[in-house]
Amino acid sequence: MKLSYVIKRVLYSLFVFAVVITLNFFIPRIGVADPAERYYPPQGNMSDIEYEIVKQLTREQYGFHVSTWQQYLNYLKGLARGDLGTSFRPGSPKVMDLITERLPWTLVLSVSTMLIGLIVGVLFGVVAAVKRGRWQDTLLLNASTVMVALPSFFIALILSFYLGFEWEIFPAYTDSTMVSEFAWTWEGISRVARNAALPVMSMMVGSIISYAQGTRNAVIAVTNEDFVLTARAKGLKTSTIRYKHILRNSLLPIVTSLGMSISGLIGGQVVIEQVFNWQGMGTLFLEANQTNDYPLMMGIMLLLSGFTIFAILVTDLIYVLLDPRVTVGDKR
Amino acid sequence: MGEGRVMEQVLKLRNLKVVFPTDYGLIRAVEGVDLDIYHRECVALVGESGSGKSVTSQAVMRLLDSPPALIRVDTLEFAGQDLTQLTEQQMQEIRGKEMAMIFQDAMTSLNPVMTVGKQIDEVYRRHYGDSKQAAREKTVKNLELIGIPEPKERANAFPHQLSGGMRQRVLLAMAFACMPKLIIADEPTTALDVTIQAQVLKTLRGMQRGCGTSLLLVTHDLSVVASTADRVYVMYAGKIVEKAPVKDLFTAPHHPYTVGLMAAVPRLSDEKKKFTQIPGTVPSPIDKPSGCYFHPRCTYATERCRREMPRLTPMGPDREVRCFHPLSVGRNGHD
């Protein structure tokens, strides 16, 4: 029963991924007739014949000299080998290399934001639920109301102004040599941590509050369930009830929101990266967008969607572990 | 019932009052309820929804959260122990071990993400400090006793994998785990099909007799009362209106409300008669009528009933009724 569910989910995810690959390939091609013409306009006093030769060479270099259908097959073949294509950037770097160079730096920000948000948020949420109606709870409620009106880039601006420029506690702008001079030494790591402080702080406020709010509501909802009364009537200790009965059931909605946010780990911080000049996926995507570098855009989009599909799959599978009621076609 | 009298008293409740303050006013859920339950006795607490019977039963186990509930009680004695003097920790030692509770809806009353076996194990582990293996052995034995086939396999099932009757039996097994002195069953069969109801009631009664437990059966179903209880308390709008041994109650109900309840039970023999019901509805717990709470719905109501709340007055051996004009045999049109 459970194994068949897992297989079904995996196959379904693969199907969605195949659809995504196809759309990802064809959509950029709708708007651009001949990329060679568009990206290599005539330069200097090139004659028409010379220009034709340049265009033809360009097409061959990027694989546009064959039919669209053939290009699609070649693209698939490339993907199968783990080749995402070649960027239009000078020096023709591989898309894969560009991404692998930037991805870790984005993950530094997003994973630490998520972990802090999750741990601190769930903790706050449980406290607020237990102290329901008292000041801890009211504080969370008001904080989340304020947060709805405060986007993270606004917090980023305020933080970078005060903590960065005025008081100079953390760098307001990521120093450009951080990436190139990075080494796995105490020095290198602490330098990254110092530079990451402001971007992470800007994003973590919202993250903490949304996890706290979700946890609080889930815990309160579960606390009112009949089976908690049953557990109390059995004479179980308050701590046993809280951790074995309430928290386990409250985890389900938390896992859902976690799964949702995992997909944002790669591409969810374009603005913040821009504000702090953080050389991550967000800035890479913006650069690709500005230079019409569509092999690079395709590569990033593919990674994003693939990661999202994967995150949803993992969320679903974790659900099966947490909630025995979730099985194929099983209705309550 | 006569033999029960010489036995020790398991529960003595005097003047229980429970109030819930709300934005719209005070909800007076329970207004001065007295209950006595003796050893091995099955006492039924009958009333419509909203009459305060569930609140009463939870107050006995001190399960009501305060706040929001405001609770006052003169005496709450359980097996000679004054429960009002106990701390929450001491209450936890008693709950599940000496007094247990069976709830109405077994689907929602069981934790959906924990196997039923584990939920019963918890009782043994908590109160006897058993190891996992020892607790599971007892659980399996217990499930077998309660009439669950293949108890070993069923213990590893999750609540949603069992049938409704089976789930209710799991709740029974849980309640009887430590052979408590008192079990409070709050509408234990309401969520079940009629045929399953009969089986579960039979099991409940059998277990109660076998374990020497006293039972407080909270229900709105008079047919359940007739087949199960020894003595009956009838509750209306937070007050006990009639108290009687089950046989006496059914042969000669004294309170007009009890009479109305009985007339409302459909009978196979009365097929041609129209289905009768008590006119009106239960009064809002915030805005109860003056005088006797039942007078707006009562055909025998007089001026005095509108002004004055009657007291519980003794009517023969072991019977009490809260009415100025109690009905006697022959007058109610039933017997």
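The values are calculated or read from the model by the stated rules, or taken from the named source; none is laboratory data. This is a predicted model, so every value here is computed, not measured. Note that we place each Cβ from the backbone using ideal geometry, even for glycine, and neighbour counts take in every protein chain shown.
Miscellaneous remarks
Results for (1) within 16 Å of A:L303 (Cβ to Cβ); (2) in contact with a Gly (Cβ under 9 Å, 6 or more places away or on another chain); (3) loosely packed, with under 12 Cβ neighbours inside 10 Å; (4) not polar (S, T, N, Q), shown as yes or no for each residue.
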{"site": "A:S47", "(1), (2), (3), (4)": "no, no, yes, no"}
{"site": "A:V54", "(1), (2), (3), (4)": "no, no, no, yes"}
{"site": "A:G63", "(1), (2), (3), (4)": "no, yes, no, yes"}
{"site": "A:Y72", "(1), (2), (3), (4)": "no, no, no, yes"}
{"site": "A:I99", "(1), (2), (3), (4)": "yes, yes, no, yes"}
{"site": "A:G117", "(1), (2), (3), (4)": "no, yes, no, yes"}
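- B:T213 being at pLDDT below 90 and not hydrophobic (A, V, I, L, M, F, W, C): no
- Checklist (1) within 24 Å of the chain's Cα centre (by Cα); (2) within 13 Å of chain A (Cβ to nearest Cβ) applied to B:L143, failing item: (2)
- A count restricted to the stretch A:124-140 and to residues that are in contact (Cβ under 8 Å) with a residue 60 or more places away in the chain and assigned to a helix (DSSP H, G or I) stands at 8.
- Selection status of A:I99, closer than 16 Å to A:Y294 by Cα, in the same structural domain as A:R194 (by TED's automatic domain parsing) and in a helix (DSSP H, G or I): yes
- Extreme residue, nearest to B:T195 (Cα to Cα), among residues of the stretch B:224-270 that are hydrophobic (A, V, I, L, M, F, W, C) and in a strand (DSSP E or B): B:V232
- Members of the stretch B:120-140 found to be crowded, with 24+ Cβ neighbours inside 10 Å and at the interface with another protein chain (Cβ under 8 Å from one of its Cβ atoms), listed by number: B:E122, B:V123
- Those helices (runs of 4 or more DSSP H) of the stretch A:222-290 in which at least 1 residues are touching a residue at least 12 places away in the same chain (Cβ under 8 Å) and either in contact with a Cys (Cβ under 9 Å, 6 or more places away or on another chain) or more than 11 Å from chain B (Cβ to nearest Cβ) (or both), considering only elements entirely within it, cover A:248-262, A:264-267, A:270-275, A:281-290.
- Matching residues in the stretch A:159-202 - criterion: being touching a helix residue (DSSP H, G or I) at 6+ places or on another chain (Cβ under 8 Å) and not in a helix (DSSP H, G or I): A:I169, A:F170, A:P171, A:A172, A:Y173, A:T174, A:D175, A:M178, A:V179, A:E181, A:F182
- Any chance A:T308 is within 20 Å of A:F154 (Cα to Cα) and buried (at least 19 other Cβ atoms within 10 Å of the Cβ): no
- Complete set of residues in the stretch B:107-118 that are facing chain A (nearest Cβ under 9 Å) and buried (at least 24 other Cβ atoms within 10 Å of the Cβ): B:S109, B:L110, B:N111
- Search result, residues across the stretch A:272-329 that are out of contact with any helix residue (DSSP H, G or I) (no Cβ under 8 Å at 6 or more places or on another chain) and more than 20 Å from A:N24 (Cα to Cα): A:L321, A:G329
- Qualifying residue in the stretch A:263-285 (condition: crowded, with 20+ Cβ neighbours inside 10 Å, in contact with a Lys or Arg (Cβ under 6 Å, 6 or more places away or on another chain) and of a type in the set (A, V, I, L, M)): yes
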